[in-house]
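Just below is one structure, and these are the notes that go with it.
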Amino acid sequence: MSKLFPHATLRDRAPFRFDIVGSFLRPDTLKQARRQCACGECSTDELHQVETQAVSHLIAQEKAVGLPNVTDGEFRRTWWHLDFLFELLGVELQEAETYSTQFKAHMHRPVTLKITDKIEFPKVHPFLDHFKALQAEADGYPVKFTIPSPSMLHLITCVRTPNPQLIERYAGKNDVLLADITAAYIDAVQALYDAGCRILQLDDTSWGEFCSEEKRALYASQGVDVDATAHSYVKMLNDIRDAAPQDMAITMHICRGNFRSTWFSSGGYEPVAEILFGGCNVDGFFLEYDSDRAGDFQPLRFIRDQQVVLGLVTSKSGELEAKEAIIERIKEAAQYVDINQLCLSPQCGFASTEEGNVLTEEDQWKKLALIRSIVDEVWGDK
């Protein structure tokens, strides 16, 4: 029994009290192999062998630190989102003058997405193979798989892009576009389920942007009704959740940017809390709460029966947080959400793109060990 919260209990299903967002720092061997493959110095098959070895070693480390579910660290992709989206039918990756959003420091590689045809989920998508490889390496251990949220495709092509030039099927027909994205994701979720996926996380920066007064004003000036767009995103998510098998846990991670330890938006959850927390039927929210950029816990009053995974430990630096300070923040959050609806994780992944954040592999494992010790104290028997 927890001394801090006498009725606090551990969980045996996702999201777990001790959890992760998903991405990990790529080892140097993998980075080198990807560079060699890009230069034609090694084959795709050779790169895949290096990826498999790296994922296998990562899974062993995840198990050793006590994680109740493991990921592939997103080792087989370049970006957390684009790799999935440009493999959809009707979507292409294109060079751009600037990336679709601007980070506070480092400049991201300038690419974007363009819709070229009807959006559908293909019968063959590389992420299906990625999941199957993860499942095989995990050898029966629970696995979590991450993909970008459906709102990201709409956000990149229609919200971040002023005066989007859409194909005839979607021009002036936003409802048709949203319906096609939803249908594609329903197919994607079912395909992953059929492959064995039972824990799926949707990663999303749209809500982080909709929390930002600066971004809200910018989008409004470009003719975007932000609240209406937010409602449409919740409908997409609920339609996907409703269509998915009920024994599949579907969660969402909300991010304000995580490229090379930088970010691109700030603001508490209040502007979206009632729409999102009060209306979205995902099983849990992974929420950034590692800095003042995320605001206070009051917006959590709109949470219904979802789990809330508090991202109180930053993935942006190697400095280790004080255990007591994190526990105090959990106590603050428990004023708005029952302790048994709260979990703990890093604020984001450690490498949302292959470049990774500015910390060491040793740092990332120390962070996870800290989280585990806090979970043991708050929800366990210590």
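The values are calculated or read from the model by the stated rules, or taken from the named source; none is laboratory data. What you see is a predicted model; the values in this text were computed from it and never measured. Virtual Cβ from ideal backbone geometry, glycine too; neighbours counted across all protein chains shown. We work out accessible area using only protein heavy atoms, side chains counted, and drop any ligands, DNA or RNA first. Shrake-Rupley method; radii C 1.70, N 1.55, O 1.52, S 1.80 Å.
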Qualifying positions in the stretch 197-226 - farther than 17 Å from Cys348 by Cβ, assigned to a helix (DSSP H, G or I) and out of contact with any helix residue (DSSP H, G or I) (no Cβ under 7 Å at 6 or more places or on another chain)
Glu213, Glu214, Ala217, Leu218, Ser221
Report the residue count in the stretch 161-192 for those that are in contact with a helix residue (DSSP H, G or I) (Cβ under 8 Å, 6 or more places away or on another chain) and modelled with pLDDT under 95.
1
Does Phe297 satisfy the condition of being within 23 Å of Glu377 (Cα to Cα), at pLDDT 95 or above and surrounded by 23 or more Cβ atoms within 10 Å (Cβ to Cβ)?
no
(1) crowded, with 20+ Cβ neighbours inside 10 Å; (2) under 19 Å from the mean Cα position of the chain (by Cα) all hold for Ile330 apart from (2)
Being under 27 Å from Leu359 (Cβ atoms), out of contact with any Gly (no Cβ under 7 Å at 6 or more places or on another chain) and acidic (Asp, Glu): is that true of Asp283 here?
no
Whether any residue in the stretch 338-357 is in a loop (DSSP other than H, G, I, E, B), within 22 Å of Pro6 (Cα to Cα) and open to solvent by 40 Å² or more (accessible area, probe 1.4 Å) is what I want to check.
yes
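For the condition polar (S, T, N, Q), within 30 Å of Arg13 (Cβ to Cβ) and surrounded by 18 or more Cβ atoms within 10 Å (Cβ to Cβ), what is the one hit in Thr229, Thr205? Break it down stepwise before answering.
Numbers: Thr229 fails: within 30 Å of Arg13 (Cβ to Cβ).
Result: Thr205 is the single residue among Thr229, Thr205 that is polar (S, T, N, Q), within 30 Å of Arg13 (Cβ to Cβ) and surrounded by 18 or more Cβ atoms within 10 Å (Cβ to Cβ).
Of these, Val272, Val358, Val313, Val308, which one is at pLDDT 95 or above and touching a Lys or Arg at 6+ places or on another chain (Cβ under 7 Å)?
Working: Val272 fails: touching a Lys or Arg at 6+ places or on another chain (Cβ under 7 Å); Val358 fails: at pLDDT 95 or above; Val308 fails: touching a Lys or Arg at 6+ places or on another chain (Cβ under 7 Å).
Val313 is the lone residue from the list that is at pLDDT 95 or above and touching a Lys or Arg at 6+ places or on another chain (Cβ under 7 Å).
Could you pull out the residue among Ser151, Ser212 that is under 22 Å from the mean Cα position of the chain (by Cα), at pLDDT below 95, of a type in the set (Ser, Thr, Tyr) and open to solvent by less than 10 Å² (accessible area, probe 1.4 Å)?
Numbers: Ser151 fails: at pLDDT below 95.
So the residue among Ser151, Ser212 that is under 22 Å from the mean Cα position of the chain (by Cα), at pLDDT below 95, of a type in the set (Ser, Thr, Tyr) and open to solvent by less than 10 Å² (accessible area, probe 1.4 Å) is Ser212.
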Within the stretch 285-317, residues being within 14 Å of the chain's Cα centre (by Cα) and touching a residue at least 40 places away in the same chain (Cβ under 8 Å) number 5
Which of the residues belonging to the stretch 1-43 are surrounded by fewer than 24 Cβ atoms within 10 Å (Cβ to Cβ), over 21 Å from Glu332 (Cβ atoms) and among the hydroxyl-bearing types (Ser, Thr, Tyr)?
Thr29, Ser43
Can you tell me which of (1) out of contact with any Lys or Arg (no Cβ under 8 Å at 6 or more places or on another chain); (2) open to solvent by 20 Å² or more (accessible area, probe 1.4 Å); (3) within 21 Å of Glu377 (Cα to Cα); (4) of a type outside the set (Ser, Thr, Tyr) is the one Leu320 doesn't meet?
(1)
Within the bounds of the stretch 258-268, is there any residue that is closer than 23 Å to Leu89 by Cα, touching a residue at least 40 places away in the same chain (Cβ under 8 Å) and either in contact with a Ser or Thr (Cβ under 7 Å, 6 or more places away or on another chain) or part of a loop (DSSP other than H, G, I, E, B) (or both)?
no
Checked pairs for the stretch 25-37, first touching a residue at least 40 places away in the same chain (Cβ under 8 Å) and under 19 Å from Leu368 (Cβ atoms), second acidic (Asp, Glu) and open to solvent by less than 90 Å² (accessible area, probe 1.4 Å), C-beta under 9 Å and 6 or more apart or across chains, list as Leu25/Glu361; Leu25/Asp363; Arg26/Glu74; Arg26/Glu354; Arg26/Glu355; Pro27/Glu361
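Take Lys316 and decide whether it is assigned to a helix (DSSP H, G or I) and among the basic types (Lys, Arg). First the steps, then the outcome.
On the way: assigned to a helix (DSSP H, G or I): no; among the basic types (Lys, Arg): yes.
Taking the combined requirement at face value, the residue does not satisfy it.
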Show me the helices (runs of 4 or more DSSP H) entirely contained within the stretch 1-100 in which 2 or more residues are over 22 Å from the mean Cα position of the chain (by Cα).
28-38, 44-64
